[in-house]
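Structure first, then comments.
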Amino acid sequence: MPNLPRVAIIGRPNVGESTLFNRICGHRRALVGDEPGMTRDRLYAPAEWMGKSFEVIDTGGMVPADQDLIVSEILRQARVAIEEAAQLVLVVDARAGILPLDEELAQLLRRTGKPLTLAVNKVDMPQHEALMEEFRRLGVRNRFPISAEHGLGVDSLLDFVTKHFPVDELGGIDPRDSRRRKRDVVPERVEGVAESEDEAAENMNPLAGKVVNVAIIGRPNVGKSTLLNRLMNEDRSIVTPIPGTTRDAVDAEFERDGQRFRLIDTAGIRRKGKTELHAEKLSVMQARKHLERADVALLLIDAVEGVTAMDAHIGGYAHESGRSVIIVVNKWDAIQKGPTTNEEFTDTIRQRMKYLGYAPIVFISAQKGLRLGKLMEMIIQVATSRFYRVSTSEMNRFLKEVDFERSTSPAGRPMRIYYMTQGGVAPPTFVVFSNRPGKLHFSFERFLENRIRERFGFHGTPIVMKSRQSK
């Protein structure tokens, strides 16, 4: 949302920046916990206050003098947010009082010359307001007592911060509406309604007017953040050799060839027994949650380490969630190759992830930018398949051509298909009207799905089958 004014929330670790960020944007977008350093990358979310739309940025807890690798990267990310912002909000902890780091941050932010507001957090009761006086020493003229956890004083803070923001012509947007992004699923047309002109037009370009949500998933240190940064052509996400660097999901939007994309860089998913810190456990839970927001999941595999049991486990998450999937083999430049290396690696993936037989495989190097053009083409192809709709008339012409004598079904009354209709997209869902009640036999369903893929493609996306008994 490049046209919206931005408000950056800054503070030292554990003063409540992420709690305030979540409060302003209206949902739990950032991880919140007692451990310092929960937030690392900068996070963006739309917000609205009194008919004024803006974007709020959460930054990791800043420690300017610390030379630790991750801490220095957090500081660099925060500096980008400060540069982009129209308003700066420095968050401090009323109960802890002024610490040297608070003074250092206040001095740093004052030097930017940008409008600066002080949010004195954790003022949960009226008697705590006396703690405000100490913070005059920071030299920030505009100070507001708030409780981000309980929402106290946040309205006054927002009134002040947004007072010069433009009012939307339509009265503003509710960020919660943007969260509840409607799936482009049309209710099942169980009566086999004929194709309309709108459906025909939609199939000309199923992605028209849509933002394609792409989640990057995988184990820690397979190159997810590197891939996001390379596709964005900027250092949008922190990259270090330390496993588990990414904790929150990082969203980044860009446009290519007229198509808009939203990349979602998720935390590395590891086995429960390997996650020791509370922050790590939360980040793994959030990674699975953010997968549900995606249309297409890029499952990253480390070419050097090969296909592991955890890769197969994560692939199962993507398959069960109904996402379209592309298997991305990263670091392909780092291994020695022979004439059959590509085919052998492909065979290994297919053997260990049989349930993802519909998923295409792309070999890349995110660090060197190799074959990323091919990856983008595949994302568009798979997303198009996810939203493609087959008309009822075309589906029933297809049925007449299928040789059902080749299919297998349980003994007893022969299976007879009267007609089929596509009841929805994302993922493509087909309703089969037959002479039998209950679910289709798995072997017959697999046969029918294979014939549909042979005829219509649906590359990279799962297909859902539902059956109805026709009277």
Query - Inter-centroid distance (Cα atoms) of the range 319-393 relative to the range 432-463, Å - result: 22 Å
Query - Relative packing of 418-424, 20-26, which averages over residues the other C-beta atoms within 10 Å, highest first - result: 20-26, 418-424
Requested in this report: Write down the Å³ per residue value for the convex hull defined by the alpha carbon atoms of the range 297-340.
Outcome: 75 Å³
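Does the range 75-171 classify as rounded, prolate or oblate by the C-alpha gyration tensor (a ≥ b ≥ c root eigenvalues; a/c under 1.5 gives rounded; else a/b over b/c gives prolate, otherwise oblate)?
Details: a/c = 2.02, a/b = 1.14, b/c = 1.77.
Oblate.
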Report task. Past 28 Å, Cα to Cα, is the threshold; run K374/K439; K52/K224; K122/K163; K114/K368; K114/K289; K210/K337 against it and keep the listed order. Result -> K374/K439; K52/K224; K114/K368; K114/K289; K210/K337
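Since every read-out is calculated from the coordinates, none of them should be taken as a lab result. Computed from a predicted structure; not experimentally measured. Cβ sites come from the backbone with ideal geometry, for glycine too, and all protein chains shown count toward neighbours.
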